[in-house]
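Some notes on the structure that comes next.
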Amino acid sequence: IKLNDIVTETYSNSAGYKLYIELKSHVSQGSPVELSFLGSTPPSSSFLNSSFGSMIEEFGLERFKALIKPVDISSSQATMLRH
C-alpha cells in the first residue's frame with residue numbers, strides 16, 4: 001500500500017485516522033501490509049498517534065510489528081517511526 005494513495009498529508013490526526021481505517025481493513029483480513037512511505041513527508045506525532053498508535057493499542061506492539069511493515073522510508077521518516 002502506498003501512503004500517498006491513502007492520504008495527501010502526514011501531519012494531522014484526521015489523516016492519521018484515515019490511515020488507521022485503511023490498515024485495519026487489511027489487517028482484519030489477516031494479511032500483513034507493506035506500507036510504502038515513498039514520496040511522503042515525515043509523519044508528525046499527531047499523525048502517528050492516530051494511525052500507528054491506535055493500531056498498537058488495538059492489536060498490541062508485537063502483533064502490530066508482525067502485521068505492518070513500513071518500506072521505502074527515509075532516515076527522517078525512520079526517526080519519527082522509532083519514537
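The values are calculated or read from the model by the stated rules, or taken from the named source; none is laboratory data. All figures in this text were calculated on a predicted structure; none of them were measured in a lab. Positions of Cβ are backbone-derived with ideal geometry, glycine not excepted, and every protein chain shown enters the neighbour counts. Note: accessible area is taken over every heavy atom of the protein model, side chains too, but ligands, DNA and RNA are not part of it. Shrake-Rupley method; radii C 1.70, N 1.55, O 1.52, S 1.80 Å.
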Can you name the residue in the stretch 1-30 that is assigned to a loop (DSSP other than H, G, I, E, B) and out of contact with any helix residue (DSSP H, G or I) (no Cβ under 8 Å at 6 or more places or on another chain) and is also most open to solvent (accessible area, probe 1.4 Å) among such residues? GLN29
Selection from the stretch 33-83 of residues that are over 15 Å from ALA15 (Cα atoms), at pLDDT 90 or above and hydroxyl-bearing (Ser, Thr, Tyr): SER36
State all residues of the stretch 43-83 that are polar (S, T, N, Q), touching a Pro at 6+ places or on another chain (Cβ under 7 Å) and crowded, with 16+ Cβ neighbours inside 10 Å; if no residue qualifies, say none. GLN77
Report, by residue number, each residue of the stretch 45-76 that is in contact with a strand residue (DSSP E or B) (Cβ under 8 Å, 6 or more places away or on another chain) and within 16 Å of HIS26 (Cα to Cα). PHE52, MET55, LEU67, ILE68, LYS69, PRO70
